[in-house]
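**Student:** Please find one structure pasted underneath; my questions will follow.
The values are calculated or read from the model by the stated rules, or taken from the named source; none is laboratory data. These numbers were taken from a predicted model, which means no experiment stands behind them. Ideal geometry is used to build each Cβ from the backbone, glycine not excepted, and the neighbour counts take in all protein chains shown. All accessible areas refer to the heavy atoms of the entire protein, side chains included, with ligands and DNA or RNA removed. Shrake-Rupley method; radii C 1.70, N 1.55, O 1.52, S 1.80 Å.
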Amino acid sequence: MSDLRELYQETILDHNKSPRNFRKMEHADRAVDGYNPLCGDHYTVYLKFKGDFIEDISFEGAGCAISKASASVMSSLLIGKTKAEAQAMFERFHRLVTGALNPGEEAEEFGKLAVFGGVSEFPARVKCASLAWHTLHAGLVSNEAVVSTE
Amino acid sequence: MSVKHDIAPMKQHSAEALDVPRVRSDFPILAERVNGHALVYLDNAATSQKPVSVIDATSRYYRTQNANIHRGVHHLSEEATKAYEVARSKIRGWINASLTQELIFVRGTTEAINLVAATLGASLRPGDEIVISALEHHSNIVPWQLLCEQRQARLRVVPMNDRGELLLDDYEHLLQGGKVRIVALSHVSNALGTINPVKEMTALAHRAGADVLIDGAQAVPHMSVDVQDLDADFYAFSGHKMYGPTGVGILYGKKKILESLPPYQSGGDMIKSVTFEKTIFNDLPFRFEAGTPNIAGGIGLGAAVDYLAALDMDAVRDHEHALVARATEALEAVPGVRIIGTALQKAGVVSFVVENIHPHDIGTILDSDGVAIRTGHHCAQPTMLRFGIPATARASFALYNTFEEIDVLVRSVRHAIEVLG
Ligand SMILES: Cc1ncc(COP(=O)(O)O)c(C=O)c1O
């Protein structure tokens with residue numbers, strides 16, 4: 001097992017304790033429920049669009065430190081981004097936590113996402129880290145109202 | 001419950017304490033190291049580890065006896081059939097069923113319950129009721145839910161109190177409605193560890209004219225079970241939670257009820273003769289055992305029963321009870337820890353939550369210290385809902401666990417609070 005500190009980095013602990021954009025959104029354009037049936041984690045991700053841009057994201061629900069911090073970091077990174085940029089970031093994030101970086105790609109280039117690099121060493125936690133992102137993805141590309149990691 | 005081990009050649013005197021160092025040496029996996037630490041395996045309610053005698057029995061079958069059963073005239077087939085049927089009769093003795101015909105080999109508890117739901121359930125009429133309890137595993141909820149949908153029957157649930165004990169007054173009230181046909185209850189709750197008073201509850205159900213299935217998955221590893229004494233119509237359990245292999249379990253059913261049931265799965269082995277016009281089904285128990293079974297698993301389960309029968313199950317129960325008491329006390333002393341499930345009668349399980357820390361994170365940190373526990377809803381989401389929590393951390397014990405391991409557990413929980421608190 002790799003160092004726990006790699007997984008539970010300060011930023012992650014901070015976002016877990018004081019999650020950003022952790023609120024219900026009235027009048028959201030999309031509200032998608034994401035479940036991880038394995039551990040019972042459940043979040044609702046709210047999205048508000050302005051044309052092609054993500055004007056606002058928030059989330060609420062309950063889950064472990066990794067899933068909550070991931071949702072929190074995601075929301076703070078994506079406000080003001082275009083849908084296409086969000087999609088690209090979802091894919092990068094996925095590569096990062098599954099340890100499947102493209103040739104030449106370095107975890108350090110991932111900016112605020114880089115703190116989730118340690119997750120790839122903890123296969124049991126990959127689904128926690130990606131739950132909010134999968135939920136976001138469903139909100140961007142489909143009409144599904146519920147997604148599940150299983 | 002009376003103790004009955006009619007196949008216990010080396011039975012120790014019942015006042016003697018369990019020789020824990022000796023039983024530990026029977027389980028090779030306990031010598032493994034995990035993440036640089038000695039393995040502390042406290043996930044026994046999910047599946048227990050296997051003694052070398054079980055591992056050897058399955059491997060001996062594949063090395064020296066492997067053949068299909070109940071069909072060949074050749075030597076190996078006879079050997080394999082004998083070994084498989086000897087296992088069945090050992091298990092019969094161990095749970096004190098009166099006849100081997102009453103023991104059906106299945107994949108596990110889940111299949112056993114599905115078998116009963118599909119066959120006994122076929123006679124339900126619209127408006128009939130099935131009673132389960134508030135602390136069932138999903139495998140003792142969903143088959144009944146589906147059956148209720150199919151037969152327009154109604155699922156009723158016995159509620160529990162804040163300690164995780166079933167409310168017997170409410171149970172009696174449900175029975176008094178006069179519509180209950182089937183009662184399905186766990187003997188021991190996997191999420192909370194509560195031991196339900198299944199003997200009394202069975203008697204009450206019978207008085208109301210209902211048939212009773214007991215899910216014994218979490219009971220058989222921890223206490224001696226006498227199905228005749230309980231008087232349950234069906235008793236289901238899995239081999240892998242009682243030191244046997246995965247993929248094999250037992251459905252015990254009273255002969256006169258089994259005889260009245262329609263077939264479950266159909267195919268080879270469960271028939272006497274087939275023409276395209278008519279099939280004559282085989283006798284019990286084979287009538288419910290279509291297809292080639294898990295032969296190695298059945299033989300391994302026989303070896304697990306030998307293993308347990310050679311111990312004193314009362315000594316096992318006392319040892320595990322002491323482990324539960326010690327873990328409860330030590331965990332409660334940690335600030336922020338709350339035990340979920342505080343029934344007066346408990347077996348094998350301590351479920352807990354830690355303030356502001358999700359069980360999943362606790363599980364990861366414990367794992368880094370070599371401690372294996374389960375975190376999540378334990379396939380008992382309605383139980384979690386009853387306590388208003390999404391999940392717990394659960395330490396569950398087996399006969400080979402020690403007080404020192406509980407110290408490691410508690411130290412590791414403190415470690416988790418340090419990292420995440
Ligand atoms: C009380 C209870 N019932 C049923 C089951 C299902 O057993 P299996 O998965 O072996 O079929 C379990 C296993 O977790 C259990 O604890």
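**Student:** Please give the net charge around residue B:105, taking every other residue with its beta carbon less than 13 angstrom from that of residue B:105, where Lys and Arg add +1 and Asp and Glu add -1. Please report the intermediate quantities before stating the final value.
**Tutor:** Values: positive: B:88, B:90, B:92, B:107, B:287; negative: B:85, B:102, B:111, B:269, B:289.
So the environment of residue B:105 carries a net charge of 0.
**Student:** Given the C-alpha centroids of segment B:145-192 and segment B:304-319, what is the distance between them in whole angstrom?
**Tutor:** Between the Cα centre of segment B:145-192 and that of segment B:304-319, the gap is 31 Å.
**Student:** From Cα pairs below 8 angstrom and at least 6 apart in sequence, can you work out the relative contact order of chain B, rounded to a whole percent? Please list the in-between numbers first.
**Tutor:** Working: 863 pairs, mean separation 102.3, N = 421.
Result for chain B is 24 percent.
**Student:** Taking beta carbons within 10 Å but only from partner chains, what does the mean come to for residues B:381-393?
**Tutor:** Working: counts 2, 0, 0, 1, 0, 0, 0, 0, 2, 8, 7, 1, 0.
Averaged over the peptide's residues, the number is 2.
**Student:** Identify, among B:415, B:52, B:220, the residue whose Cα sits farthest towards the positive end of the charge dipole of the protein assembly as shown, taking +1 on the Cβ of Lys and Arg and -1 on the Cβ of Asp and Glu, with the dipole about the Cα centre.
**Tutor:** Checking the options against the dipole of the protein assembly as shown, the answer is B:220.
**Student:** If you put +1 on each Lys and Arg Cβ and -1 on each Asp and Glu Cβ, how big is the dipole of chain B around its Cα centre, in Debye rounded to 20?
**Tutor:** Numbers: 39 positive and 48 negative charges, 192 e Å.
Magnitude of the dipole: close to 920 debye.
**Student:** Mind listing the phi-derived Karplus ³J(HN,Hα) values for segment A:38-55, rounded to whole Hz, using 6.51, -1.76 and 1.60 with θ = phi - 60°, and x for any glycine or proline?
**Tutor:** Result, rounded to whole Hz: 5, 10, x, 5, 8, 10, 10, 9, 9, 10, 10, 9, 10, x, 8, 9, 8, 6.
**Student:** For the charge dipole of segment A:2-148, defined by +1 on Lys and Arg C-beta atoms and -1 on Asp and Glu C-beta atoms about the Cα centroid, which residue among A:84, A:21, A:117 has the Cα displaced farthest towards the positive pole?
**Tutor:** Result: A:21, furthest along the dipole toward the positive end.
**Student:** List for segment B:30-68: residues with 20 Å² or greater reduction in accessible area, all protein chains versus chain alone, probe 1.4 Å?
**Tutor:** Buried-area filter returns B:35.
**Student:** May I ask you to give the average projected area over all directions of the convex hull of the Cα atoms of chain A, in nm² rounded to one decimal? Numbers along the way, then the final one.
**Tutor:** Details: hull surface 34.0 nm².
Approximately 8.5 nm², given one-decimal rounding.
**Student:** Grab the other residues whose beta carbon is less than 14 angstrom from that of residue B:64, score K and R as +1, D and E as -1, and report the net.
**Tutor:** Details: positive: B:60, B:63, B:82; negative: B:56, B:78, B:79.
Cβ neighbours under 14 Å give a net charge of 0.
**Student:** So which GluC sites (Glu not before Pro) in segment A:3-49 pass both tests, a DSSP loop state and at most 11 other Cβ atoms within 10 Å of the Cβ? Can you show the working numbers first?
**Tutor:** On the way: sites: A:6, A:10, A:26; in loops: A:26.
When the GluC sites (Glu not before Pro) of segment A:3-49 are filtered for loop state and at most 11 Cβ neighbours within 10 Å, A:26 remain.
**Student:** Taking a ≥ b ≥ c as the square roots of the eigenvalues of the Cα gyration tensor of segment B:54-309, is the shape rounded (a/c under 1.5), prolate (a/b larger than b/c) or oblate?
**Tutor:** Numbers: a/c = 2.37, a/b = 1.46, b/c = 1.63.
Oblate, because a/c is 1.5 or more while a/b does not exceed b/c.
**Student:** Treating only the Cβ of Lys, Arg, Asp and Glu as charged (+1, +1, -1, -1), what charge dipole size does segment A:2-148 show about its Cα centre? Round to the nearest 20 debye. Kindly include the intermediate steps, with their values, before the conclusion.
**Tutor:** Values: 16 positive and 20 negative charges, 69 e Å.
Dipole size: approximately 340 debye.
**Student:** Also: Before anything else, pin down the relative contact order of chain A: Cα pairs under 8 Å, at least 6 apart, normalised by residue count, whole percent. Could the numbers behind the result be given before it?
**Tutor:** Details: 266 pairs, mean separation 46.0, N = 150.
Once divided by the residue count of chain A, the mean separation gives 31 percent.
**Student:** Out of A:44, A:98, A:11, any idea which swings most in a Gaussian network model of chain A, alpha carbons joined below 10 Å?
**Tutor:** Sorting by GNM fluctuation, first place goes to A:11.
**Student:** For the protein assembly as shown, what is the charge dipole size about the Cα centre, in debye to the nearest 20, if Lys and Arg each add +1 at the Cβ and Asp and Glu each add -1 at the Cβ? Intermediate values should be presented prior to the final figure.
**Tutor:** Values: 55 positive and 69 negative charges, 205 e Å.
Around 980 debye, computed over the protein assembly as shown.
**Student:** Moving to a separate point now. What part of the accessible area of segment B:152-227, given as a whole %, is carbon or sulfur when the probe is 1.4 angstrom? Could the numbers behind the result be given before it?
**Tutor:** Working: 1240 of 2700 Å².
Of all accessible area on segment B:152-227, carbon and sulfur atoms account for 46 percent.
**Student:** Still on this structure, please answer the following. Quick one: Karplus J couplings for segment B:274-288, per residue in order, coefficients 6.51, -1.76, 1.60, θ = phi - 60°, nearest Hz, x for Gly and Pro?
**Tutor:** 10, 10, 5, 8, 8, 10, 9, 7, 6, 6, 5, x, 5, 4, 9
**Student:** Name the long-range amide H neighbours of residue B:108: under 5 Å, sequence gap of 5 or more, or other chain; modelled H, no Pro or chain starts.
**Tutor:** Amide H to amide H, under 5 Å and 5 or more residues apart or across chains, residue B:108 pairs with B:249.
**Student:** Would you mind giving the mean number of other chain beta-carbons within 10 Å of the Cβ of each residue in A:35-43, as a whole number? Show your work: numbers first, answer last.
**Tutor:** Numbers: counts 0, 2, 3, 5, 9, 13, 5, 1, 0.
Mean shielding by partner chains, rounded to a whole number: 4.
**Student:** For Cα pairs less than 8 Å apart in space and 6+ apart in sequence, what is the mean separation divided by the residue count of segment B:239-296, i.e. the relative contact order in percent? Walk me through the numbers before you get to the answer.
**Tutor:** Working: 57 pairs, mean separation 16.4, N = 58.
The value is 28 percent.
**Student:** Another question about this same structure. With n ≥ 4 as the cut-off for DSSP H runs, can you work out [θ] at 222 nm for chain B, using -39500 (n - 2.57) per run divided by the number of residues, rounded to the nearest 500? Intermediate values should be presented prior to the final figure.
**Tutor:** Working: 14 runs with 155 residues, N = 421.
Taking each H run of at least 4 residues, the total per residue is -11000 deg cm²/dmol.
**Student:** Per-residue HN-Hα couplings for segment B:16-25, Karplus 6.51 cos²θ - 1.76 cosθ + 1.60 at θ = phi - 60°, whole Hz, x for Gly and Pro?
**Tutor:** Karplus values, whole Hz, x for Gly and Pro: 6, 6, 5, 7, 5, x, 5, 5, 4, 5.
**Student:** Give the lysines reachable from residue B:256 as a straight Cα distance under 30 Å; neighbours fewer than 8 places away on the same chain don't count.
**Tutor:** Cross-link targets: B:4, B:82, B:90, B:179, B:199, B:241, B:272, B:278.
**Student:** Can you give me the accessible area per residue for segment A:2-148, using a 1.4 Å probe, in Å²? Write down the numbers at each step before the final one.
**Tutor:** Values: 6450 Å² over 147 residues.
About 44 Å² of surface per residue is accessible.
**Student:** Which residue, B:245, B:138, B:208, has the largest displacement toward the positive end of the dipole of segment B:54-309 when charges sit on each Cβ (Lys, Arg +1; Asp, Glu -1)?
**Tutor:** The residue sitting most towards the positive pole is B:245.
**Student:** Separate question: Where the centre of each part is set by its Cα atoms, how far does segment B:75-122 sit from segment A:66-119, in angstrom?
**Tutor:** Using only Cα atoms to place each centre, the spacing works out to 52 Å.
**Student:** Suppose only helical runs count, i.e. DSSP H with n ≥ 4. What mean residue ellipticity at 222 nm does that imply for chain A under -39500 (n - 2.57) per run, divided by all residues and rounded to the nearest 500 deg cm²/dmol? Let's see the in-between values first.
**Tutor:** Values: 5 runs with 57 residues, N = 150.
For chain A, the value works out to -11500 deg cm²/dmol.
**Student:** Count neighbours as other Cβ atoms within 10 Å of each site's Cβ, and list the trypsin sites (Lys or Arg not before Pro) in segment B:217-317 that are DSSP loop with at most 11 such neighbours. Please list the in-between numbers first.
**Tutor:** Details: sites: B:241, B:254, B:255, B:256, B:272, B:278, B:287, B:317; in loops: B:254, B:278.
Passing both the DSSP loop test and the Cβ count: B:278.
**Student:** Collect residues whose amide H, placed 1.01 Å from N in the peptide plane, falls under 5 Å from the amide H of residue B:156; neighbours closer than 5 in sequence don't count.
**Tutor:** B:130, B:131, B:132
**Student:** Residues of segment B:351-377 losing 40 Å² or more of accessible area relative to the isolated chain, 1.4 Å probe, heavy atoms only?
**Tutor:** Output list: B:358, B:360, B:361, B:364, B:377.
**Student:** Which net charge results for the neighbourhood of residue B:244, defined as the other residues with beta-carbon distances under 14 angstrom from its beta-carbon, given Lys and Arg at +1 and Asp and Glu at -1?
**Tutor:** On the way: positive: B:50, B:88, B:90, B:107, B:241; negative: B:26, B:56, B:306.
Net local charge, residue B:244 excluded: +2.
**Student:** Then there's this: Filter the GluC sites (Glu not before Pro) in segment B:242-308 down to the DSSP loop ones having no more than 13 other Cβ atoms within 10 Å, then list what survives. Walk me through the numbers on the way to the answer.
**Tutor:** On the way: sites: B:259, B:277, B:289; in loops: B:277, B:289.
Sites meeting the loop and neighbour criteria: B:277.
**Student:** For the protein assembly as shown, just the Cα atoms, rotate onto the principal axes and tell me the three extents in Å, largest first.
**Tutor:** So the three principal-axis extents are 72, 55, 54 Å.
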